[in-house]
Amino acid sequence: MTANSIISVSHLSKSFGEVNALKDISFDVGEGEVFGFIGPDGAGKTTLFRIITTLLLPDEGEVTILGLDCVKGFRELRKNIGYMPGRFSLYMDLTVEENLNFYATVFGTTVRENYDLIADIYAHIEPFRKRPAGKLSGGMKQKLALSCALIHKPALLVLDEPTTGVDAVSRAEFWEMLKKLKKYHITILVSTPYMDEAMRCDKVALIQEGKILSVDQPERITDGFSRRLFSVRSSEKYKLIRALREFPLTDTAYPFGDSVHVTFRDDHYDDTLYRYLTAAGFTDVSIGETRAGIEDRFLELMTPPLQGSNRTL
Amino acid sequence: MRTIYYLIRKEFIQIFRDKFLGRAIFAIPIVQMLILVPAVTFEIKEVRLCIVDKDMTTESRELVGKLVGSTFFKVGHTTFPEREANELLNRDQCDLILQIPAGFGKDIGKGTPTQLMASANAINAMNAQLSWAYLNGVILDYNMNILAREISSRSFSPIPQIEVTNRYWYNELLNYNFYMQPGILGILVLAIGFILAGLNLVKEKEIGTIEQMNVTPVKKYQFILAKIIPFLIIGLIDLALGIAIGILVFNVPFEGSIWLLFLCSTIFLIAVLGLALLISTFSGTQQQFMFTGFFFMIIFILMSGIFTPIESMPVWAQKIDLLNPVVYIMRINRMVMLKGSTFQDIQTEFLALVLYAIATTTLAVNRYRKTA
């Protein structure tokens, strides 16, 4: 546990019947950090967030948030946490303004008191303040939800997949807004299934099947990728993946944007591949070595190492 | 306190923002009262009677005349063949067959006992019993007449008879409207409060807003209170509407204290709202709530004593009925409105409702856990 950690989780486990949603998880979040959880659906992100927001009780382990135990101190904690669930859950039949006022009052504050905190975000939706929340577009709903989660000036903001189902422009805007919140020293916990968003976090935890695979700064996480990575392009991408996976020297081959990222057994690379692909009928193949992204590292962590390979975790 | 006020205000905004619901809340009780009070009645008018008069004498005609004269019967058919009469009963074109055998008049003239035969359609047992009782009354009356004539023609002094005259206290004319209206008031208040409050909480669960509420510092009891109070207010307004319709439209008397009735209804409403919220904490969807809620409502209403007296139920059912809040409000409503009972007369029922209200609300608050 570091001195100024806002969240400190140690050996946390939670299961629902037979399903172990979280298995012995430990991590620390420092003050003012944007801490991202990246992982596929069902990895345990929502369960973890529900425990941190005092909605679920942990089975084992300790969770200390803002110096308070998440079980014993839940009453005090709720005043200081802003939570935006993955599913839009404001009152659809109340207007934008009414929702915001309502959440301000249940936290015992007023919109005016903390207006500067949400001003940037709320400005986007203020023209629609008389409109029922249910009639807003996806991006606007998300901004309203964020405003409502922030209106009581929480010390910790928990965002469960805030950008899922939102268009690319709104996603970018949303991250810009989070960046601006840094000056208010609000610690932000955010989960996302999108790898590209990981780079925008101060720290990233890769989570899969209830286990944290790695916690680090996003740049350092990619540094953990120890292999030589090659990017292979061709106009016939689907055929290319199949061909690459059939190539006897290939270790892994994953689609990545408009190219395929490939690693080879023992990182051995020569022009055998090029000859193999041209022989297979590809006419426009280009191969080049490339830097690993966070997705590559994640996929590397997810797949157990092959026998005889020199990979390190 | 301030929090509860804002929570309640939010509920009202939501209720009246829904244009349909906002109106239905007040329209439904009015329509219910106007339809149910005069419609739900045990009074039977115009029992369709079929007479098979095989006698055709002065005596048999006199009996038929008496039946025709009664407002209760409508002599729709007179036939001879028995089979045809049975056919009519089968085809549901008459409710009751009265057969006067041949020789009926002659027997009466001779002074020998004679017989009549009546067959009733008992698909609706209550109907059959009632028409049977009415028919019996008419025949008994006719019988007494013959007896009186016979005896007085032999002796000069009139025969001594005991005549029973009866008086129906608290509802002299046995007006069914008077009987039903206080009962329907109870059901109306039950239905409005129970369904609205229960669905409201489950809806918050379904949409997920409850999740958002749970991370706020709002306390359990505040949340539950803010769900009870709006529907309590609406229920009491509906009650006032119902009473007004009873007095203005159906001339139902209001003998007792209106404040006492409102006090009891408030407790009753808290009890059923608490129960509705308790059920909704167990339900995940509105469908689940409706299904369980309906189960309770139907049992509550049918066993409330509005249609059939509780005293005629089996003992085990009467014991179950101790847990039926509608029983108590039904009794209180009738006693206060028709009889003018005071608090002392209804204190047992009152106490039962108070206990009920405390139990359901406490359970609802405890069941509604903010930390799962």
**Study point:** Selection status of residue A:91, part of a loop (DSSP other than H, G, I, E, B), facing chain B (nearest Cβ under 10 Å) and not polar (S, T, N, Q)
**Key:** yes
Review point. Can you tell me how many residues in region A:145-180 are free of Cβ contacts under 8 Å to residues at least 40 places away in the same chain and of a type in the set (A, V, I, L, M)?
Key: 4
Exercise for review: Can you confirm whether region A:200-217 contains a residue that is under 15 Å from the mean Cα position of the chain (by Cα), buried (at least 21 other Cβ atoms within 10 Å of the Cβ) and part of a helix (DSSP H, G or I)?
Suggested key: no
Exercise for review: Determine whether region B:220-234 contains at least one residue that is under 19 Å from residue B:183 (Cα atoms), away from chain A (no Cβ under 14 Å) and either outside any loop (DSSP other than H, G, I, E, B) or without any contact (Cβ under 8 Å) to a residue 12 or more places away in the chain (or both).
Suggested key: yes
Point to revise | Residues that are farther than 14 Å from residue A:287 by Cβ and part of a loop (DSSP other than H, G, I, E, B), drawn from region A:218-251 | key: A:224, A:225, A:226, A:227, A:235, A:236, A:248
Review point. Which residue pairs have Cβ atoms under 6 Å apart, sit 6 or more places apart or on different chains, and have a first residue in region B:172-184 that is more than 12 Å from residue B:38 (Cβ to Cβ) and a second that is in a loop (DSSP other than H, G, I, E, B) and not acidic (Asp, Glu)?
Key: B:174/B:168; B:183/B:306
Check your understanding: Quick one: how many residues across region A:257-299 are assigned to a helix (DSSP H, G or I), out of contact with any Phe, Trp or Tyr (no Cβ under 6 Å at 6 or more places or on another chain) and either within 13 Å of residue A:230 (Cα to Cα) or in the same structural domain as residue A:207 (by TED's automatic domain parsing) (or both)?
Key -> 4
Exercise for review: Output the residues belonging to region A:44-65 that are more than 9 Å from chain B (Cβ to nearest Cβ), surrounded by fewer than 20 Cβ atoms within 10 Å (Cβ to Cβ) and assigned to a loop (DSSP other than H, G, I, E, B).
Suggested key: A:59
Point to revise | residue A:157, sole failed condition from (1) within 11 Å of chain B (Cβ to nearest Cβ); (2) part of a strand (DSSP E or B) | key: (1)
Check your understanding: When only residues in region A:105-117 that are in a helix (DSSP H, G or I) and either among the hydroxyl-bearing types (Ser, Thr, Tyr) or surrounded by fewer than 22 Cβ atoms within 10 Å (Cβ to Cβ) (or both) count, which is farthest from the other protein chains (Cβ to nearest Cβ)?
Key -> A:116
**Study point:** Checklist (1) free of Cβ contacts under 8 Å to residues at least 40 places away in the same chain; (2) more than 14 Å from chain B (Cβ to nearest Cβ) applied to residue A:97, failing item
**Key:** (2)
Check your understanding: Residues in region A:271-288: is at least one within 30 Å of residue A:213 (Cβ to Cβ) and either surrounded by fewer than 13 Cβ atoms within 10 Å (Cβ to Cβ) or at pLDDT 85 or above (or both)?
Key -> yes
Check your understanding: Would you pick out the residues in region A:69-88 that are facing chain B (nearest Cβ under 9 Å) and assigned to a strand (DSSP E or B)?
Key -> A:81, A:82, A:83, A:84
**Study point:** Hits in region A:13-39 - residues which are acidic (Asp, Glu), assigned to a strand (DSSP E or B) and more than 18 Å from residue A:187 (Cβ to Cβ)
**Key:** A:24
Check your understanding: How many of the residues in region B:284-315 are farther than 13 Å from residue B:195 by Cα and of a type outside the set (D, E, K, R)?
Key -> 18
Review point. Which of the residues that make up region B:207-245 are more than 22 Å from residue A:109 (Cβ to Cβ) and at pLDDT below 90?
Key: B:207, B:208
Review point. Only one of (1) away from chain A (no Cβ under 14 Å); (2) free of Cβ contacts under 8 Å to residues at least 12 places away in the same chain; (3) among the β-branched types (Val, Ile, Thr) is not met by residue B:192, so which one is it?
Key: (2)
Check your understanding: Pairs under 8 Å by beta carbon, first residue facing another protein chain (nearest Cβ under 10 Å) in region B:1-28, partner surrounded by 13 or more Cβ atoms within 10 Å (Cβ to Cβ) and hydroxyl-bearing (Ser, Thr, Tyr), six or more apart or different chains?
Key -> B:2/A:105; B:3/A:105; B:6/A:105; B:10/A:91; B:14/A:91
Check your understanding: Does region A:218-249 hold any residues that are within 18 Å of the chain's Cα centre (by Cα) and more than 28 Å from residue A:43 (Cα to Cα), and which are they?
Key -> none
Check your understanding: Being charged (D, E, K, R), assigned by TED's automatic domain parsing to the domain that holds residue A:209 and at pLDDT below 90, is that true of even one residue in region A:93-106?
Key -> no
Practice item. Read through the list (1) crowded, with 18+ Cβ neighbours inside 10 Å; (2) of a type in the set (Ser, Thr, Tyr); (3) under 20 Å from residue B:5 (Cα atoms), then give the number of the only condition that residue A:163 fails. Key: (3)
Study note, to complete from the structure: Per the list (1) within 14 Å of chain B (Cβ to nearest Cβ); (2) under 30 Å from residue A:70 (Cα atoms), residue check on residue A:132 breaks on (2)
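A quick yes/no check of all residues on (1) surrounded by fewer than 16 Cβ atoms within 10 Å (Cβ to Cβ); (2) modelled with pLDDT under 85; (3) assigned to a helix (DSSP H, G or I):
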position: B:24; (1), (2), (3): yes, no, yes
position: B:33; (1), (2), (3): no, no, yes
position: B:42; (1), (2), (3): yes, yes, no
position: B:50; (1), (2), (3): no, no, no
position: B:65; (1), (2), (3): yes, no, yes
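The values are calculated or read from the model by the stated rules, or taken from the named source; none is laboratory data. Every value quoted in this text rests on a predicted model; they were computed, and no experiment measured them. No Cβ is skipped: glycine too gets one built from the backbone with ideal geometry, and neighbour counts run over all protein chains shown.
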